[in-house]
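Here it is, the structure, as structure tokens.
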Amino acid sequence: MQAEATTRPDDLRRRLAELRAAEPGLRARDAASRLGITEAELVALSGRPLRADWGALFRRLPELGEVMVLTRNEWAVHEKTGRYEDVQVSDGPVGLVVGEAIDLRLFLTRWRHAYAVTETTKAGERHSIQVFDRDGTAVHKVYLTNRSDRDAFARLVEALHDSDVTGLPEVEPWPAAASPEPDAAIDVPGFVAAWDALEDTHDFHGLLRRFRVQRVQGLRLAGRERATPVAADSVRRVLTGAAETGLPIMVFVGNAGCIQIHTGPVRKLVETGPWYNVLDPGFNLHLREDAIATAWVVRKPTRDGTVTALELFDDAGRPIAALFGKRKPGEAEDLGWRRLVESLPTAGEVGACA
């Protein structure tokens, strides 16, 4: 077993080099899949391990200046360029970054492995910090740009390098998600009454836990005045409408460890195979439309009035992305946004993709 552990990284490096020579544009996530390993294990083959001290890491990220941050799930990739500002990360289970461009919600109990990575590309060396879940799935990535402070990056890596970590990381799967409660076991009247009593959209997750309702199940049980199933191509309709009118919106994409948010207009929309893309300066979104199993217009009461969202889910009920009108706490929802989402065809209407 020891011999296998000793030779496996070298064998993986050789196979990875062969794979990249044959397919130069292959992304890390896809290369890892082809090699039968996790992305964390792939990155560990060349990356420099960093201490899992998330407070220390985030205290230094503003020193890098402009960076490009990337957060993704299986079906959506969200990229923002800007600076880390107003970083609120300590030793607790959650953290926030609420800068003008980089806007993050962090669930740090899911963060496990971190690496500083230097890759050779056609454009030269590319430097990044990449963080992974305990099962080896990417949580959040930070890429240097031409305007980043490379000396600050080098100082960060030296300060946080974990010399005790050698070889491949130990990855382990998370327990399987619990099966949903049957509809008959749900206190639907109580759930609906609690929904109608909401004063803050952030309380919705707690509401679901309280009534032991999975998210899509809750949308289905809540009644169409609270959650309306709409065409699966609704995200294209909403992005197109926002681009044509200049309507500023909010685009949320996340995974179990991080949610990343864009606030502002969208302009350049491009279809590339199954991917529908926003390709704007400072913001890129890549969305697999064919993975959208259900889409919902969701209405939640708050102290500031109703907040309306377009929420997208895959066939396992996992969130893909959510879109809102641009707003801040204390502000009412933009009526232009509300009109746009209320115009969407419901699932099953002519021309809709249920």
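Each value in this text was obtained by applying a stated rule to the coordinates, not by laboratory testing. Please read these numbers as outputs of a predicted model, since none were measured by experiment. Backbone-built Cβ (ideal geometry, glycine too); neighbour counts: all protein chains shown.
For the chain, modelled as a Gaussian network with Cα springs under 10 Å, which listed residue fluctuates most, A185, A295, A40?
With Cα springs under 10 Å in the chain, the top fluctuation among A185, A295, A40 is at A185.
Longest segment of the chain with no GluC sites (Glu not before Pro) in a DSSP loop having at most 14 other Cβ atoms within 10 Å?
Answer - 226-330.
Hey, how many Å between the Cα centroid of region 264-300 and the Cα centroid of region 115-144?
Distance between centres, Cα-based: 23 Å.
Please get the size of the charge dipole for region 183-342, origin at its Cα centre, with Cβ charges of +1 on Lys and Arg and -1 on Asp and Glu, quoted in debye to the nearest 20.
That gives region 183-342 a dipole magnitude of about 140 debye.
Which of the trypsin sites (Lys or Arg not before Pro) across region 95-137 are loop residues per DSSP, with 14 or fewer other Cβ within 10 Å?
K122
Scan the chain and note any complete DSSP helix (H) whose C-alpha atoms cover at least 24 Å along its axis and whose Kyte-Doolittle average is 0.5 or more.
none
In whole Hz, what ³J(HN,Hα) sequence does region 215-226 give by Karplus (6.51, -1.76, 1.60; θ = phi - 60°), x for Gly and Pro?
4, 5, 4, x, 5, 5, 7, 6, x, 5, 6, 9
How large is ³J(HN,Hα), in whole Hz, for each residue of region 304-318 in order, when computed from phi with the Karplus curve 6.51 cos²θ - 1.76 cosθ + 1.60 and θ = phi - 60°, using x for Gly and Pro?
Per-residue couplings from phi come out as 9, x, 5, 10, 10, 10, 9, 10, 10, 9, 8, 6, 9, x, 7 Hz.
Students often get this wrong, so check it: of K268/K326; K141/K268; K122/K268, which have C-alpha atoms separated by over 20 Å?
The answer is K141/K268; K122/K268.
Testing the spin-label approximation: label points 7 Å from Cα along Cα→Cβ at E225 and R59. State their distance in nm.
With each label placed 7 Å out from Cα toward Cβ, I get 5.2 nm.
How about region 161-227: which trypsin sites (Lys or Arg not before Pro) there are in a DSSP loop, with at most 13 other Cβ atoms within 10 Å of their Cβ?
R224
Hey, another quick one. Once fully extended, how much extra length lies between A256 and A177, figured as 0.36 nm per residue of separation less the alpha-carbon to alpha-carbon distance?
27.2 nm
Among the trypsin sites (Lys or Arg not before Pro) within region 253-354, which fall in a DSSP loop and have no more than 12 other Cβ atoms within 10 Å of their own Cβ?
K268, R303
Still on this structure, please answer the following. Run the helix sum for the chain: -39,500 (n - 2.57) per DSSP H stretch of 4+ residues, divided by residue count, reported at 222 nm to the nearest 500 deg cm²/dmol.
Theoretical 222 nm ellipticity from helices: -8000 deg cm²/dmol.
Convert each backbone phi in region 287-295 into a coupling constant with the Karplus relation 6.51 cos²θ - 1.76 cosθ + 1.60 (shift: θ = phi - 60°), then list the ³J(HN,Hα) values in order as whole Hz, x for Gly and Pro.
10, 7, 4, 5, 8, 6, 8, 9, 9
List the lysines whose alpha-carbon lies under 22 Å from that of K328, not counting same-chain residues fewer than 8 positions away?
Once the sequence-local lysines are set aside, what remains near K328 is K80, K300.
Going by amide H atoms built from the backbone, whose H comes under 5 Å of the H on I320, apart from near neighbours?
Result for I320 returns L312, F313, D314.
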